[in-house]
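K.L.:
So that we are looking at the same thing, I have put the structure below in structure tokens.
The values are calculated or read from the model by the stated rules, or taken from the named source; none is laboratory data. Just so it is clear, the model here is predicted, and its values are computed rather than measured. Please note: Cβ atoms are built from the backbone with ideal geometry, for glycine as well, and neighbour counts cover all protein chains shown.
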Amino acid sequence: MKYLNTLLEKIDKVAIFFILYTLIFVTFFKTINYTLPFVLAFIFALLLQKPTKFMVNKFKIKNSISAILTTFLFFAIIILITTLGIISLTNEAIQLVKNTQVYITQNSNLIDKYMNILKDSYERVDPYIIDTIKSNMSNSISKLSNITAQIITSIVTWIINFFSSIPSIIMIIVFTFLSTYFFTRDLTSAKKKFLHIIPSGSTNKVLYMYSETKKMLVNYVLSYSIVVSITFLETLIGFSIFGVKYALILSILSAIFDVLPVLGTATVYIPIAIYYALYNNWIKAIGILILYAVVFIVRQILEPKIVSSSLGLHPVAILAAIFIGLKINGIAGMFYCMFLVIFYSILKTIKIL
């Protein structure tokens, strides 16, 4: 009977945790459009807390001065890296458009030759088959035209929305910067004030819960950043060795697709390998396929180890959370299940569950 009561009590705690976690998770992501500057500022402030304390102790300056210096330096580094990245991406994109136009101009005779060969072969086919092909081609061209029009419309809309949202972006940056400074300056004193209102017997438990939560969340972000960075660097180095053009753009796309469900790095690697195979450059085509296999295998080996070791969780728990989350609702489901496992582990560690 005692065992049954204990089991029911534990089930109640897990059910309450699950309901509260789901409500907080949904509320957080539903309101992120309104709270984004402050969420980013709080994360940045956590990162800047140690450098700020170091400057206060090392140079014997006020906390407010140290906070503004670290905040300025942090944002200067982010803006510099972002600017350099945008400049590099813009240059590669311009080169891609120019080279595409040059290729079409220089190979117009070759394109005409293949069109004539296709036309000659086309005329030898049965008239009924030709009519069927024409009908299908007409429908395909019509669909292709509609798709092209939709893509162009989407691009134009995105450009217009981007330029129209510049004031909003600037406002987000300003509010994030100011909030980061205030959070960084007041984080230590706020923590002390918060601890004063907690009953003395619970202080150690709250501190332990806070430190464990911060440690696991930071480790989670860092671990996935490491995995994505490894994919980016492997792709950039490999493409540079094989002389693939637009290596930076393609490496960034590989890193982005590496995070997304279903797509993966194959979305970048396979079309490039096919492109070189069509031009009979089999060395590059096979080399890129081998590089893809290396990147894929390295990710499959490193992801569970890096993520699980940084979070202190079993690799199977991480794999199960990722797989189930992706099946439930893609990226959002993956984050939901990952954080569910993380917070459950934290509460179990401090013996709340």
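K.L.:
How many residues does region 277-303 contain that are free of Cβ contacts under 8 Å to residues at least 40 places away in the same chain and in a helix (DSSP H, G or I)? Spell out how you get there, then give the answer.
P.N.:
So the first thing to find is which residues in region 277-303 are free of Cβ contacts under 8 Å to residues at least 40 places away in the same chain, and the list is 277-283, 285-286, 289-290, 292-293, 296-297, 300-301.
From what's left, in a helix (DSSP H, G or I): 277-278, 282-283, 285-286, 289-290, 292-293, 296-297, 300-301.
Qualifying residue count for the region: 14.
K.L.:
Please go through (1) modelled with pLDDT under 85; (2) over 23 Å from the mean Cα position of the chain (by Cα); (3) at negative phi for N280 and return the number of the only condition it doesn't satisfy.
P.N.:
Of everything listed in (1) modelled with pLDDT under 85; (2) over 23 Å from the mean Cα position of the chain (by Cα); (3) at negative phi, N280 misses just condition (3).
K.L.:
Taking only pairs six or more apart or across chains, which ones have beta-carbon atoms under 9 Å, a first residue in region 219-235 that is under 15 Å from Y292 (Cα atoms) and without any contact (Cβ under 8 Å) to a residue 40 or more places away in the chain, and a second residue that is among the acidic types (D, E) and buried (at least 18 other Cβ atoms within 10 Å of the Cβ)?
P.N.:
That search, which allows pairs on different chains as well, returns V228/D258; F232/D258.
K.L.:
Would you point out which residue out of S345, S309 is of a type in the set (S, T, Y), at pLDDT below 85 and loosely packed, with under 15 Cβ neighbours inside 10 Å?
P.N.:
S309
K.L.:
Please find, within region 223-276, the residue that is nearest to the chain's Cα centre (by Cα) out of those that are hydrophobic (A, V, I, L, M, F, W, C), closer than 26 Å to I306 by Cα and not in a helix (DSSP H, G or I).
P.N.:
L260
K.L.:
Answer yes or no: is there a residue in region 45-67 that is part of a helix (DSSP H, G or I), at pLDDT 90 or above and within 19 Å of V221 (Cα to Cα).
P.N.:
no
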